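To keep things clear, I will list the structure first and then write my remarks on it.
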Amino acid sequence: CNRPEETCFCSAFGIDASNPSGDVTAWRMGEDYYFSANTKKGEALLASLGDVLENCADDAVEQIKSAVKAVMAKLPLANTSFEGMKKDDLLTHFKSEKWSSLSEACIGCGTCTFVCPTCQCYDIREFDTGHGVKKFRCWDSCMYSDFTQMAHGNPRTSQLERFRQRFMHKLVYYPDNNEGIFGCVGCGRCISKCPISMNIVKVEKALEVQS
Ligand code: SF4
Ligand code: SF4
């Protein structure tokens, strides 16, 4: 990531955009690509490319990292922190009066869930192939009124409940069950795409203020 968007706040989750992890890290500068192996698997991959690659100057990658870090430091959400969410317990967040005003303008379009790399809600559907019935899995959204439809209906009957579920899942339930890790990577996609300009940073700030 050498062109961070101004809606990005991945540093809030300890992610260093200038130095991503993986078996191989790749950086791009102009027409050139630089690769660095981080694991044995990565070393084997780069070695398998043989003469396609050539060694670069020692400071080439450092220059790219410095440039990315400089951009990251100036982003509007650079100082975002979600640690304040951990001050209150689950029920305090769940019962917060803030959900009403936060969710008031949400039109339930589901855009925030479809652009989110950590959202995973899905539906199971069936179709007749002409030779039998096949089941298939497809994307769905917890923001939709017919999501998780059961015999008695949707367990969350208002948009407030559906809105609260999405953010409680990412900011409270998921960390509670996964050693404090939030269900968000700070990519900022939901910030740039929501038609009512609602997003996870606004929710965090609203909930944190009450504690
Ligand atoms: S900022 Fe977080 S909640 Fe929003 S789209 Fe990215 S990962 Fe999902
Ligand atoms: S993108 Fe915005 S309006 Fe659409 S469901 Fe998400 S929070 Fe609601």
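The values are calculated or read from the model by the stated rules, or taken from the named source; none is laboratory data. In this text the structure is predicted, and so the values were computed from the model without any measurement. When we count neighbours, we look across all protein chains shown, and the Cβ atoms used for this are built from the backbone with ideal geometry, even at glycine. Surface areas here come from the heavy atoms of the whole protein model, side chains and all, with no ligands, DNA or RNA. Shrake-Rupley method; radii C 1.70, N 1.55, O 1.52, S 1.80 Å.
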Could you list all residues from region 105-120 that are in contact (Cβ under 8 Å) with a residue 24 or more places away in the chain, open to solvent by 70 Å² or more (accessible area, probe 1.4 Å) and over 21 Å from GLU5 (Cβ atoms)? ILE107
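Would you confirm whether or not region 121-141 contains a residue that is within 16 Å of ligand 2 (Cβ to nearest atom), assigned by TED's automatic domain parsing to the domain that holds GLY183, surrounded by 10 or more Cβ atoms within 10 Å (Cβ to Cβ) and within 23 Å of PHE9 (Cα to Cα)?
The initial filter retains those residues of region 121-141 that are within 16 Å of ligand 2 (Cβ to nearest atom), namely 121, 139-141.
Okay, now just the ones that are also assigned by TED's automatic domain parsing to the domain that holds GLY183, so 121, 139-141.
Next cut, surrounded by 10 or more Cβ atoms within 10 Å (Cβ to Cβ) only: 121, 139-141.
Pick out the ones that are also within 23 Å of PHE9 (Cα to Cα) and you get none.
Scanning region 121-141 turns up no residue that is within 16 Å of ligand 2 (Cβ to nearest atom), assigned by TED's automatic domain parsing to the domain that holds GLY183, surrounded by 10 or more Cβ atoms within 10 Å (Cβ to Cβ) and within 23 Å of PHE9 (Cα to Cα).
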Got at least one residue in region 63-85 being within 24 Å of ARG164 (Cα to Cα), of a type outside the set (Phe, Trp, Tyr) and exposed (fewer than 12 other Cβ atoms within 10 Å of the Cβ)? yes
Can you find, within region 143-159, the residue that is surrounded by the most Cβ atoms within 10 Å (Cβ to Cβ) among those that are hydrophobic (A, V, I, L, M, F, W, C) and more than 17 Å from LYS170 (Cα to Cα)? PHE147
From the options THR129, THR118, THR148, THR92, residue that is at pLDDT 95 or above and among the hydroxyl-bearing types (Ser, Thr, Tyr): THR118
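Is it the case that ARG166 is among the basic types (Lys, Arg), within 14 Å of ligand 1 (Cβ to nearest atom) and surrounded by 20 or more Cβ atoms within 10 Å (Cβ to Cβ)?
Judged against the criteria, ARG166 is a match.
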Out of GLU179, GLU208, report the one residue that is under 21 Å from the mean Cα position of the chain (by Cα) and open to solvent by 70 Å² or more (accessible area, probe 1.4 Å). GLU179
Any chance GLU54 is outside the structural domain of VAL115 (by TED's automatic domain parsing), surrounded by 12 or more Cβ atoms within 10 Å (Cβ to Cβ) and in a loop (DSSP other than H, G, I, E, B): no
Would you point out the residue of region 92-112, among those that are touching a Phe, Trp or Tyr at 6+ places or on another chain (Cβ under 8 Å) and not in a loop (DSSP other than H, G, I, E, B), that is farthest from ligand 2 (Cβ to nearest atom)? TRP99
Matching residues in region 169-197 (closer than 16 Å to PRO76 by Cα and more than 8 Å from ligand 1 (Cβ to nearest atom)) number 2
